Amino acid sequence: MKLLVIEDELKLSEYLRKGLSEEGYVVDVAHTGIDGLHMATEADYDLLVLDGMLPGIDGLAVLAALRQSKQTPVLMLTARGQVEDRVRGLQGGADDYLVKPFAFSELVARIQVLLRRVGGARGNGEPTSLKMADLEVDLIRRKATRAGQRLELTAKEFNLLSLLLRRQGEVLSRTELAEQVWDMNFDSETNVVEVAVRRLRSKLDQPFERPLLHTVRGMGYVLEVRQS
């Protein structure tokens, strides 16, 4: 899941970027309304976290412009807690409203609810769950099971598994995994991908009879069912 945070307070935006990344989301940040609107319209995001008071154009103006072309879910943040301010934001197209200061756990819970709501409304659109053999991944609840058993995955392990499952049968290189899961340029000196794959394999395959995650030497990794 990819989120865009539009927040001009540098410390808060970095706090949100770090915290939401640790929750397993890919997070982009914009510090002005103009930059945020450009990013929101040019790229596809699953959800926007939008500050109400921004330099240049404020959050309501960003929201109004965005709603002309996209229905991306928007959670608004604001220091203004008056009822009329919240009503104005909701009437302007916001999906939810959170008043500063807020608990990070509440922010995460509200994001999950919005994503679940949108996922249910998509119908025949993007799937909210993925399956292969006895493996099932719920993308909204961020839960993975195999043969009915819950897999206790870290946020990065879940993202790695989700990516491999979305593209099952396709060999993904270490470079692509690093860029997609860690949002980083691949460094041949780091073994972050190998370590994560090894840990994922220990949870995904070792307790079960049939392995699903395979190494293709010199090329990368693939998730697929192979005949024994």
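Every condition in (1) under 18 Å from residue 10 (Cβ atoms); (2) at pLDDT 90 or above; (3) of a type in the set (S, T, N, Q) is met by residue 78 except one, and the failing one is (2). Residue 59 meets the conditions (1) surrounded by 18 or more Cβ atoms within 10 Å (Cβ to Cβ); (2) in contact (Cβ under 8 Å) with a residue 40 or more places away in the chain; (3) within 19 Å of the chain's Cα centre (by Cα) in every case but one. The failed one is (3).
In summary, strands (runs of 3 or more DSSP E) completely within the stretch 1-80 and bearing 1 or more residues that are of a type outside the set (A, V, I, L, M, F, W, C) and touching a helix residue (DSSP H, G or I) at 6+ places or on another chain (Cβ under 8 Å) occur at 26-30, 47-51, 74-78. Residue check: residue 119 meets all listed conditions (1) at pLDDT below 80; (2) part of a loop (DSSP other than H, G, I, E, B); (3) crowded, with 19+ Cβ neighbours inside 10 Å but one, namely (2). Residues in the stretch 16-38 that are farther than 18 Å from residue 179 by Cβ and either surrounded by 20 or more Cβ atoms within 10 Å (Cβ to Cβ) or in contact with an Asp or Glu (Cβ under 9 Å, 6 or more places away or on another chain) (or both): 16, 20, 30, 31, 32, 33, 36, 37.
Okay, residues lined up against (1) of a type in the set (Phe, Trp, Tyr); (2) modelled with pLDDT of 90 or more; (3) assigned by TED's automatic domain parsing to the domain that holds residue 7:
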{"residue": "45", "(1), (2), (3)": "yes, yes, yes"}
{"residue": "56", "(1), (2), (3)": "no, no, yes"}
{"residue": "73", "(1), (2), (3)": "no, yes, yes"}
{"residue": "82", "(1), (2), (3)": "no, no, yes"}
{"residue": "91", "(1), (2), (3)": "no, no, yes"}
{"residue": "107", "(1), (2), (3)": "no, yes, yes"}
{"residue": "113", "(1), (2), (3)": "no, no, yes"}
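Listed by first and then second residue, the pairs linking a residue in the stretch 167-185 that is assigned to a loop (DSSP other than H, G, I, E, B) to a residue that is at pLDDT below 80, with Cβ atoms under 9 Å apart and 6 or more places separating them unless they lie on different chains, are 173/186; 184/190; 185/179.
The values are calculated or read from the model by the stated rules, or taken from the named source; none is laboratory data. All figures in this text were calculated on a predicted structure; none of them were measured in a lab. Cβ coordinates were reconstructed from backbone atoms using ideal geometry, including for glycine residues, and neighbour counts include every protein chain displayed.
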